[in-house]
Each structure stands twice: as structure tokens, then as C-alpha cells.
1. Can you show me the helix-derived [θ] at 222 nm for the chain, built from DSSP H runs with n ≥ 4 at -39,500 (n - 2.57) apiece and divided by the number of residues, rounded to the nearest 500.
2. Compute a Gaussian network model of the chain, connecting alpha carbons closer than 10 Å, and tell me which residue from 101, 60, 237 fluctuates the most.
3. Kindly put 278, 79 in sequence by how many other C-beta atoms sit within 10 Å of each C-beta, fewest to most.
4. What distance in nm lies between label points placed 7 Å from Cα along the C-beta direction at residue 142 and residue 193?
5. Calculate, for residue 232 and residue 209, the FRET efficiency according to 1/(1 + (r/R0)^6) with r their C-beta to C-beta distance and R0 22 Å; round to the nearest 0.05.
6. As a quick test, which of the pairs 83/108; 26/272; 26/108 have an alpha carbon distance above 32 angstrom in this structure?
7. Roughly what would the spin-label model give for residue 225 and residue 112, points 7 Å off Cα along C-beta, in nm?
8. Note down the nm distance, to one decimal, between modelled labels 7 Å out along Cα→Cβ at residue 103 and at residue 159.
Amino acid sequence: MRIDLHAHTTASDGTETPSELPVRAKEAGLDVVAITDHDTTAGWDEAAAAADREGIGLVRGMEMSASCRGISSHILGYLFDPKHPAIVSHNSTVRDSRSTRLRTMADKLAADGLLTWDDVVEHTPAGATPGRPHLADTLVGLGVTASRDEAFATILSARGPYYVRYQSPDVTDAIATIAAAGGISVWAHPMARTRGGVVTWDDIGDAIDAGLDGLEIDHRDNASDDRDELRKIAQSRGILVTGSSDYHGSGKPNLLGENLTSPAVLERIAHKASLEVLRP
Ligand code: AMP
Ligand code: ZN
Ligand code: FE
Ligand code: FE
């Protein structure tokens, strides 16, 4: 069984639609793929219908934007109730803040003549959770930068003059929201040092104390010595270990199936989620 539990679509900042994802997953030889767009479940139904057609398994998930002492952190939620008020409220608050922030960043870029707001709207799929990748696509479309990667490394860098933050809940609150909605929480790419500052081992311990269910250890952004340390933590605290691609279509080099999660872990995720749903 080949299982990849982290992929994005045009419902957030991936470049392929939710109905294309299962087709690509099948081509990549996967048996199960998870749809985990940023702060939205809007792609679930379309992806589920396509997964049925392709005859592969779909895990319904989402990547929640969160923050840990000011450090941007992502928590994957799996198999939760998308209509739970805590989820609905998280998604609407974060997406509102992301929209305002996209406009502010666009205004700063427009002031320097790099793009216009109309250009940004053109490069942001309707209803998508807005993010820097849409600004990157705009800059690429206008020929200002050659790729998303170059845009992130230069103009859109978090250390650059155009960067603006957005509001997101504390990691422990994100974990509580997922649990309240009957889902399973996994800290995505916990040691992605190339993206900026990372959290401490103590922060991860605190998240486990707060109910974190697992760590996404096999991910290209975690270095090998960090993976060793993360595995020790997961082992000693008895939490789940996943591996996934973080596929964004052509928006990133990450390929479906480049990292995998074991069937035993997926079974534990599904079992635990069903128990959480039954909890009074
Ligand atoms: P944001 O949350 O809007 O600040 O944007 C972060 C998103 O951009 C994450 O989902 C990343 O997957 C994506 N991202 C970060 N770095 C890159 C890069 N170098 N190339 C393409 N996408 C990236
Ligand atoms: Zn993304
Ligand atoms: Fe992420
Ligand atoms: Fe992601």
C-alpha cells in the first residue's frame, strides 16, 4: 500500500483541481491520497467523487495555519467534522485575515510597480484560500520572476520588505479545534528550517501534552538529523509518525508519493478518529 497524506489543490495553493488530484495520485502509483488544503475543506466533495472514479482511497484532511510563539506552524487535521463550529470559525477567521493580508502585500508590491490588484485576482482561483503562492504566480505570469521558488527566495521572502503576517491560532488551540471536531492532528514538516525559524523540542513536547496525535517526519523539509530526533520523541511519547509529499502540483518540486505513510499508521488514524467521533 502506497499512502501519501499531504497534498494541495486549487482550493488553496496547489495548481491542480480537487478532481485532478486523485487522477495524479493514481498515475503516481498511490493507493491512498489525502487532500489537505490550507484552512478549507472546499475541495473534499469533488476530490471524493474523483477518487471513487479512479478507485483509490481519499483521506479528508486540511492543513491548519497556526502559530507557535510567533513562528508560523502548520497542523494537519484528518477525518474531522467539517461542519463543527470550531472548524468553521477557524477557517473563516484565518481566511479573512489571509485575504486582508494578500491585499496589503499586493498594495505594497503595486506601489513599487511590480503588479496590480487585478493581476493578483486573475492568478488566484475563485474561492481559493489566498496565500503568497498566488502572488508568486502573478509575478511569474508578469515575467517579473521565473518561478514560484524564485519569487519566494526574493520578492516574497518572509524577511523581505513586502512580507505581511496574518492572524492564526496558537498551535495548542489548533490541536484542540481538530480534536473537538473528532479529528486527528499531525504537526506538518515540524523542522522546516529552510522556511525560517523553527520551534524547539520543548514546543513539540508541549503540543503533545496538549493532545497532538502525530508528527510528519518523512517530509523533504525535515533534515535527516532532525528526523532522528523527531523519531525519538514520537517513540518515547507513543504518537504517530507519518511521511508525505506536500504536493502542490507544478507549484513546487514535491512529487506525489516521494514520502509515504505506513498502512498501520493510517489504520490507527482512522480508528482513533472514529473513536473521537463517538466521544460524548
Ligand atoms: P503563506 O502561508 O501565504 O505565507 O505561504 C506559504 C505557502 O507557500 C506554503 O503553503 C508553502 O507550501 C508555499 N511555499 C513556501 N515556499 C515556497 C517555494 N519556495 N515555492 C513554492 N511554494 C512555496
Ligand atoms: Zn501550500
Ligand atoms: Fe505547510
Ligand atoms: Fe502543505
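A short reminder: the numbers here are calculations on the coordinates, not readings from a lab. Keep in mind it's a predicted model, so treat the numbers as computed, not measured. Glycine also receives a Cβ, built like all others from the backbone with ideal geometry; neighbour counts cover every protein chain displayed.
1. Details: 10 runs with 117 residues, N = 280.
Counting only the DSSP helices, I get -13000 deg cm²/dmol.
2. Taking springs between Cα atoms under 10 Å, the residue moving most is 237.
3. Details: 278 8, 79 20.
Ordered from fewest to most neighbouring Cβ atoms within 10 Å, 278, 79 come out as 278, 79.
4. 3.5 nm
5. Working: r = 17 Å, r/R0 = 0.76.
Efficiency computed from Cβ-Cβ geometry: 0.85.
6. Those over the limit are 83/108; 26/108.
7. Roughly 3.5 nm, to one decimal.
8. It is 3.1 nm.
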